[in-house]
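I'd like to ask you about the structure that follows.
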Amino acid sequence: MEAYVVGVCVAVFGNILISISLNIQKYTHTRQARRGTGVYYHSKLWWSGIMLMGLGELANFSAYGFAPAALIAPLGCVCVIASALISVLFLKETLRASDLLGGALALAGSYLLVSFAPHTSPHVTANMVERALVSWSFLGYFMCEAFVFMVLLFLYKCKNMKHIIIIMLMVALLASVTVISVKAVSGMITETLYGSHLQLTYPIFYIMIFILLISCAFQIRFLNEGMKLFNATEIVPINYVFFTLSAIVAGVLFFEEFYGLSLIHGLMFTVGCGLAFSGVYLIARARPRIKMDSVFINMGKISGKGCTDKVQPQTDESIYGKLTSSTTRGAQQGEP
């Protein structure tokens, strides 16, 4: 089996685990709010969702070691599709025509992405990462990115401009750095396990881990700010689109993943991205309320008490998508 096929399978499996985790956490939050007792992090069910989240993120992290970032990142739409399907089947949400259309578009886009995305990328070694970090193309991109980020931060903090695009652009710029560091760390680990040279002895390996942690921390911070100001149905599609574009740019400039790709493959890859973006938007927008009178978990078996009341949480209490990120899910976990 080719390496990119392994990466795609691992990424799809990871996104499915993440979607299950999101719905478990969503159910736990709703149940705790309904009962009005205890906090969500005292629930064993919530912790089981967190464990699934960790496994899913680990799978996504591993996938970057087998396939190009431009191929793995767009597959985040699998998480959105699976979350919507699980919500309909087990949380009894309403199945809308836009869900079916969005799912079809996202699946078609995913097929084109897997078929026409670059399937190979240079072996990620410590020496390769060091050369890429000091290349003129990356240095120019990084300086432009830093300048744009500082301008956006000035508008957000000093001018008090709380527009969703400003916040999500800052998250996307940080996500670009995250993707580069994730791909570098995962690639060096993979090269150590399957290659002929030990990569973990190079200082650049630990520098990239530090950059990964810092960029993720700031992503979580700004995404939480966005979740406080806007609904998840607005955040999810914008975050998915911006994150995917940032991963593609990182793959082009840092890892040269599109080098030698034919024009027709590039065009079809672009069409696949457009279809996936449209499908995610249709699925995530204006999600209906949940009918909690009949859910996939019997509350009586969990608590020893029967539950017959209905709960109608607001739509911004749920979140659909991958967020990286982990960043969007971090915001979800912080909800009461």
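The values are calculated or read from the model by the stated rules, or taken from the named source; none is laboratory data. None of these values were measured; they are calculated from a predicted model. Here the Cβ positions follow ideal geometry from the backbone for every residue, glycine too, while neighbour counts run over all protein chains shown. Side chains are part of the model used for accessible areas, which takes the heavy atoms of the whole protein and leaves out ligands, DNA and RNA. Shrake-Rupley method; radii C 1.70, N 1.55, O 1.52, S 1.80 Å.
Kindly rank 270-280, 131-141, 254-264 from highest to lowest mean number of other beta carbons found within 10 Å of each residue.
Working: 270-280: 21.3, 131-141: 12.8, 254-264: 15.6.
Result, highest mean first: 270-280, 254-264, 131-141.
How many angstrom lie between the C-alpha centres of the range 1-24 and the range 209-256?
19
Around LEU212, what is the net charge, scoring Lys/Arg as +1 and Asp/Glu as -1 over all other residues with Cβ under 13 Å from its Cβ?
0
Can you tell me, using C-alpha contacts under 8 Å and at least 6 residues apart, the relative contact order of the range 124-256 as a whole percent?
Relative contact order comes out at 37 percent.
Separate question: Working out 0.36 nm times the residue gap between VAL134 and LYS92, then minus their Cα-Cα distance, what length gain in nm do you get to one decimal?
9.9 nm
Which of the peptides 79-85, 204-210 is most tightly packed, and how do the rest follow, going by the mean number of other Cβ atoms within 10 Å of each residue?
Working: 79-85: 25.9, 204-210: 16.0.
Most protected by this proxy first, the peptides run 79-85, 204-210.
For MET51, MET188, what's the largest-to-smallest order of accessible area, 1.4 Å probe?
Largest to smallest exposure gives the sequence MET51, MET188.
Moving on to the next point. In the range 247-273, which residues have a backbone nitrogen under 20 Å from the label point lying 7 Å from THR120's Cα in the Cα-to-Cβ direction?
Inside the label zone: 251-267, 269.
If you don't mind, another one. Length gain on complete extension for the stretch PHE154 to LEU107, per 0.36 nm per residue less the alpha carbon to alpha carbon distance?
Extra length available between PHE154 and LEU107 comes to 13.0 nm.
Calculate the spin-label point distance for MET51 paired with ILE214, positioning each point 7 Å from the Cα along the beta-carbon direction, and give it in nanometres.
Output for this residue pair reads 3.5 nm.
Next question. Looking at this model, which pairs from LYS26/LYS159; LYS159/LYS228; LYS44/LYS183; LYS26/LYS157; LYS26/LYS183 are more than 24 angstrom apart at the alpha-carbon? Can you show the working numbers first?
Details: LYS26/LYS159 35 Å; LYS159/LYS228 18 Å; LYS44/LYS183 33 Å; LYS26/LYS157 31 Å; LYS26/LYS183 30 Å.
Beyond 24 Å: LYS26/LYS159; LYS44/LYS183; LYS26/LYS157; LYS26/LYS183.
Would you mind getting me the FRET efficiency between ILE164 and LEU198? Use the beta-carbon distance for r and R0 = 45 Å, nearest 0.05.
Calculated value: 0.50.
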